[in-house]
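Engineer: After the structure tokens below, expect a handful of questions from me.
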Amino acid sequence: MNRNNLSRLNLFGATVLSVVALLSPAAQAASHGTPPAQASAPATSADMTDAEVRKVDREAGKVTLKHGDIKSLDMPAMTMVFQVRNKAMLDKLQPGTRIQFKAANEGGKFVVTELKIVQ
């Protein structure tokens, strides 16, 4: 390979790398003044799901909720049983209590990780 071809190859490689960098999500976000996806905002009450308590099983650490869509789990509204991360979460709950909650899929089990009573 002669020097002229080697220079063209280097120039081509640099151009390709520049285009790839400009098209990356982080570069696009930075060019629009928004932070990259990895720097997500802290969770807010908008991240929580509205629900009504239907049944509380303190001994088993479970609660039956009639809930709205759970966006983080891609789950439609329904009534179902959840485990709770901490049984103390159930102390102030009774059927009819309105709450907002967050849930996670932990090993195939749906677990309430946070909740607050709605007045």
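Engineer: So how much slack lies between residue 105 and residue 69, counting 0.36 nm per residue of separation and subtracting their Cα-Cα distance, in nm?
Structural biologist: Residue separation times 0.36 nm, minus the Cα-Cα distance, leaves 11.5 nm.
Engineer: So, one more: Could you work out how much longer the chain between residue 91 and residue 113 gets when fully extended? Use 0.36 nm per residue separation minus the Cα distance between them, nm to one decimal.
Structural biologist: My answer for the length gained is 6.4 nm.
Engineer: Can you put 59, 52 in order, fewest other beta carbons within 10 Å first?
Structural biologist: By the 10 Å Cβ count, ascending, the order reads 59, 52.
Engineer: I would also like to ask the following. Given the Cα-Cα distance of residue 60 and residue 79 and 0.36 nm per residue of separation, how much length would full extension add, in nm?
Structural biologist: Value of the extension gain: 5.0 nm.
Engineer: Principal axes first, then extents: for the Cα atoms of region 47-117, list largest minus smallest coordinate on each axis, whole Å, largest first.
Structural biologist: Extents along the principal axes, in whole Å: 28, 25, 18.
Read the figures in this text as sums done on the coordinates, not as results from a lab. As the structure is a computational prediction, the values presented were derived from the model and not from experiment. Every residue, glycine as well, gets a Cβ built from its backbone with ideal geometry; the counts of neighbours run over all protein chains shown.
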